[in-house]
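**Student:** My structure is below; once you've seen it, I'll send some questions.
Values in this text are rule-based calculations from the coordinates and carry no lab data. All values derive from a computational prediction rather than experimental measurement. Quick reminder, even Gly has a Cβ in these numbers, built from the backbone with ideal geometry, and neighbours come from all protein chains shown.
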Amino acid sequence: MSKTYDVVGIGNAVVDVISHADDSFLDHMGITKGIMQLIEKDRAELLYGAMSDRTQAAGGSVANSIAGIGNLGLSTAFVGRVTDDALGRFYADALAADGTAFPNGPVQSGLPTSRSMIFVSPDGERSMNTYLGVSAELGTDDVDEGVAAAARVVFLEGYLFDKPKGKDAFKLVARACRAAGGKAGIAISDPFCVERHRADFLALIENELDFVIGNEDEIKSLFETDDLDEGLAKTSAICPLVACTRSGDGVSIVAGGERTDVGVTKIVPVDATGAGDGFAAGFLYGLATGRSMKDCGEMGCAVAGEVIRYVGPRAETDLKDVFAASGISL
């Protein structure tokens, strides 16, 4: 069946605002170095105003993955919520420039567009201060079922699971995609989110989804176990395809009860931010193009390995060249 989009993502639409700052500035502004913390609107406006050399990029976890998939040449769309303000218009224009469809467009809202103020220290540490703003309000009204039905694969962002409206939007997208013959899956995103909504997470995975992507801690958190093999076995018992990233130890994939382990060459990351998003980009490229699980795993690891060579959550190179250098055929 012909599809308009190879992969459609749904998640937080966050503008990454990046500035350089030394330790004295961080101390003066009360910024905890090297971590991500959620902040409120007034704090976000204060920090944004204090950034002297800002650069901006359209971000968000699943949006980063979608950008990687587009880099590899597939047709993509992203469902997210931004306000009709300067940052929201920037976000929509940035997606369009990358060739990613943004069917929602900016909306009128009392909440500003979500942004993450990222201060990069001279030693390369990134101190992230994220205001979720309007993106966390995404719900079924923001979802065009026709867009989901026109996708080979839809990819959901676990971070949006904290609000009932987000859960309802996920179900609507997944059902529309699967009813039209596509596959739906989720990035678990955060073990703490699983802990807050474990029963609903498991019900979504078992009843609505075709695949799950998570790291070791996230997979183990689904069934409250310290044993990764147990977590993989229990997750694969309720979902046809599970991909678990294990940092420098590669990835373990269980599909139809068969496990595939893909190793990686360990490197010291310049910045590990976005490694999981990069893995998802390569993995979903493979899934959308009908590749074997081994190929999907190698593609995911190749993109993740490229992302961590740079500061920022996305690769700065043509990923088709990265595949070629790794001996991976498109």
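**Student:** Shape call for the stretch 76-213 from the C-alpha gyration tensor, a ≥ b ≥ c root eigenvalues: rounded (a/c under 1.5), prolate (a/b greater than b/c) or oblate?
**Tutor:** On the way: a/c = 1.74, a/b = 1.27, b/c = 1.37.
Oblate.
**Student:** Between (i) 42, 24, 17; (ii) 29, 23, 20; (iii) 33, 23, 20, which entry matches semi-axes √(5λ) of the Cα gyration tensor in Å as derived from the coordinates of this structure?
**Tutor:** For semi-axes √(5λ) of the Cα gyration tensor in Å, the calculated option is (ii).
**Student:** Positive end of the charge dipole of the stretch 154-278 (Lys, Arg +1 and Asp, Glu -1 on Cβ, about the Cα centre): tell me which of GLY231, ALA255, ILE219 has its Cα farthest that way.
**Tutor:** Sorting the options by dipole projection puts first ALA255.
**Student:** List the lysines whose Cα lies under 17 Å from the Cα of LYS3, skipping any in the same chain that are fewer than 8 positions away.
**Tutor:** Filter leaves LYS183.
**Student:** Of GLY68, GLY30, GLY274, which has the largest mean-square fluctuation in a 10 Å C-alpha GNM of the chain?
**Tutor:** For the chain, modelled as a Gaussian network with Cα springs under 10 Å, the answer is GLY30.
**Student:** If you don't mind, another one. Going by C-beta contacts inside 10 Å, put CYS193, CYS239 in order with the fewest on the left. Walk me through the numbers before you get to the answer.
**Tutor:** Working: CYS193 18, CYS239 23.
Fewest to most other Cβ atoms nearby, the residues stand as CYS193, CYS239.
**Student:** Give the long-range amide H neighbours of HIS20: residues separated by 5 or more places, or on another chain, with amide H under 5 Å away, using H modelled in the peptide plane at 1.01 Å from N.
**Tutor:** Amide H neighbours of HIS20: ASP53, VAL120.
**Student:** Something else now. Near the amide H of ALA101, under 5 Å away, which other amide H atoms are found, from residues 5 or more places off or on another chain, if H is placed in the peptide plane?
**Tutor:** Residues meeting the amide H criterion: THR76, ALA77, PHE78.
**Student:** Could you work out the relative contact order of the stretch 137-248? I mean the mean sequence separation of Cα pairs under 8 Å and 6+ apart, divided by the number of residues, in percent. Intermediate values should be presented prior to the final figure.
**Tutor:** Working: 195 pairs, mean separation 25.0, N = 112.
This gives 22 percent for the stretch 137-248.
**Student:** Where does the longest stretch of the chain lie that holds no GluC sites (Glu not before Pro) found in a DSSP loop with 12 or fewer other Cβ atoms within 10 Å?
**Tutor:** Numbers: sites that count: GLU40, GLU224, GLU316.
The longest uninterrupted stretch comes out as 41-223.
**Student:** In the structure displayed, which of LYS33/LYS266; LYS41/LYS320; LYS41/LYS266; LYS220/LYS294; LYS266/LYS320 lie more than 31 Å apart, Cα to Cα? Spell out each step's value before the answer.
**Tutor:** Details: LYS33/LYS266 26 Å; LYS41/LYS320 40 Å; LYS41/LYS266 40 Å; LYS220/LYS294 22 Å; LYS266/LYS320 21 Å.
Listed pairs above 31 Å: LYS41/LYS320; LYS41/LYS266.
**Student:** Return the long-range amide H neighbours of GLY60 (sequence gap of 5 or more, or a different chain), with a cut-off of under 5 Å between placed amide H atoms.
**Tutor:** Amide H to amide H, under 5 Å and 5 or more residues apart or across chains, GLY60 pairs with VAL14.
**Student:** With r as the distance between the Cβ atoms of ILE35 and LYS294 and R0 = 51 Å, compute the FRET efficiency 1/(1 + (r/R0)^6) and round to 0.05. Intermediate values should be presented prior to the final figure.
**Tutor:** Numbers: r = 36 Å, r/R0 = 0.70.
Rounded to the nearest 0.05, the efficiency is 0.90.
**Student:** If you don't mind, there's one more thing I want to ask. From the phi angles alone, apply the Karplus equation (6.51, -1.76, 1.60; θ = phi - 60°) to the stretch 251-266 and give each ³J(HN,Hα) in whole Hz, x where the residue is Gly or Pro.
**Tutor:** For the stretch 251-266, the Karplus curve yields 9, 10, 10, 10, 10, x, x, 9, 9, 10, 10, 10, x, 9, 7, 6 Hz.
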